[in-house]
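The values are calculated or read from the model by the stated rules, or taken from the named source; none is laboratory data. The structure displayed is predicted, hence computed values, not measured ones. Cβ placement follows ideal geometry from the backbone for every residue including glycine, while neighbour counts extend to all protein chains displayed. Areas reflect the complete protein model, heavy atoms only, side chains present, ligands, DNA and RNA absent. Shrake-Rupley method; radii C 1.70, N 1.55, O 1.52, S 1.80 Å.
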Amino acid sequence: METTDNVTMCQYYSIEAGNFTLAGEAAGQIKNNLKQLGIDAALVKKVAIASYEAEMNLVIHSNGGRLIFKINPKVITIIAQDDGPGIKDIELAMKEGYSTAPDTARELGFGAGMGLPNMKRCADRFVIRSEEGKGTEVELSFNLS
Amino acid sequence: MTIQEIINILEADLFCGEDMLNKDILSACGSDLMSDVLAFVKDHTILLTGLTNPHVIRTAEMMDIAAIVFVRGKRPSEEIIQMAADRNIAVLMTRHSLFVACGLLYQSGLRGEVL
């Protein structure tokens, strides 16, 4: 974790469980922020994709949570935190194609079991911590130089 | 290949993005699985899909996708068209199925991601 002195910008988005109408709003705002800051388009795309995947995961799988966006001159950080239910087997959750998503998510084209692997592919650094019954935190870092 | 050429090949209707007809398209992705679309890595891309929910537009937004082609004559709602217009994404509709629409574009030289 960097100290607050290093944070040039920090934004916090509350994400509601099961709200598919609003899902994607936070990722869209993060994308616009980065574009306005003049960040390279290829990097903006990577952060946008990973943020959207993280936001959809919060909507689909969590009891509610938050998406935190931080940027300093060296790194962009996206943190997705939730209030449960937590992941029983992280290794299994990371496997491409493995999914526990309900039909409501699948009908919208999600829940193919590609979210976490895709976040890992987009980011320069990927850390996931989870405790069953407590919650999950995914931290994604993207190098700026 | 330009968006205008894609309209001609697919005999498609255009709902928004009239100012983008000359935009150059280098690759295409055909899928109803937004999860798979989000893992597509090419640029200057169009998306062909049979899904018409708002997350198709959101996905296209995150991916910098220039145009969406709704297949099988699936007419998008006004809300969807407005969402796309706000994000500078062209919206097309063709009567062809996903397979045939992709085949017609491939035959004309458009390529996808080779895994």
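Answer yes or no as to whether A:S130 is under 16 Å from the mean Cα position of the chain (by Cα), on the phi < 0 side of the Ramachandran plot, among the polar types (S, T, N, Q) and surrounded by 18 or more Cβ atoms within 10 Å (Cβ to Cβ). For A:S130, the condition - under 16 Å from the mean Cα position of the chain (by Cα), on the phi < 0 side of the Ramachandran plot, among the polar types (S, T, N, Q) and surrounded by 18 or more Cβ atoms within 10 Å (Cβ to Cβ) - is met. If you scan region A:117-139, which residues turn out to be in contact (Cβ under 8 Å) with a residue 60 or more places away in the chain and under 21 Å from A:G24 (Cβ atoms)? Of everything in region A:117-139, those that are in contact (Cβ under 8 Å) with a residue 60 or more places away in the chain and under 21 Å from A:G24 (Cβ atoms) turn out to be A:N118, A:M119, A:C122, A:A123, A:T136, A:V138, A:E139. For region A:95-133, a residue qualifies if it is within 22 Å of A:F69 (Cα to Cα) and more than 14 Å from chain B (Cβ to nearest Cβ), and the qualifying residues are A:D124, A:R125, A:F126, A:V127, A:I128, A:R129, A:S130.
Scan region A:34-46 for residues that are open to solvent by less than 40 Å² (accessible area, probe 1.4 Å) and either touching a helix residue (DSSP H, G or I) at 6+ places or on another chain (Cβ under 6 Å) or modelled with pLDDT under 95 (or both) and the total you get is 2.
Residue selection: A:F142 satisfies the criterion of being buried (at least 18 other Cβ atoms within 10 Å of the Cβ), out of contact with any Phe, Trp or Tyr (no Cβ under 8 Å at 6 or more places or on another chain) and touching a residue at least 40 places away in the same chain (Cβ under 8 Å). All of A:Q81, A:Q29 fail the test of being over 29 Å from B:N88 (Cα atoms), at pLDDT 95 or above and of a type outside the set (G, A, S), apart from A:Q81. The one condition from (1) facing chain B (nearest Cβ under 9 Å); (2) touching a Leu at 6+ places or on another chain (Cβ under 7 Å); (3) of a type in the set (V, I, T) that A:V47 does not meet is (1). The one condition from (1) aliphatic (A, V, I, L, M); (2) within 22 Å of A:M56 (Cα to Cα); (3) free of Cβ contacts under 8 Å to residues at least 60 places away in the same chain that B:V71 does not meet is (2).
Condition check for B:T52 on (1) touching a Pro at 6+ places or on another chain (Cβ under 6 Å); (2) on the phi > 0 side of the Ramachandran plot: one failure, at (2).
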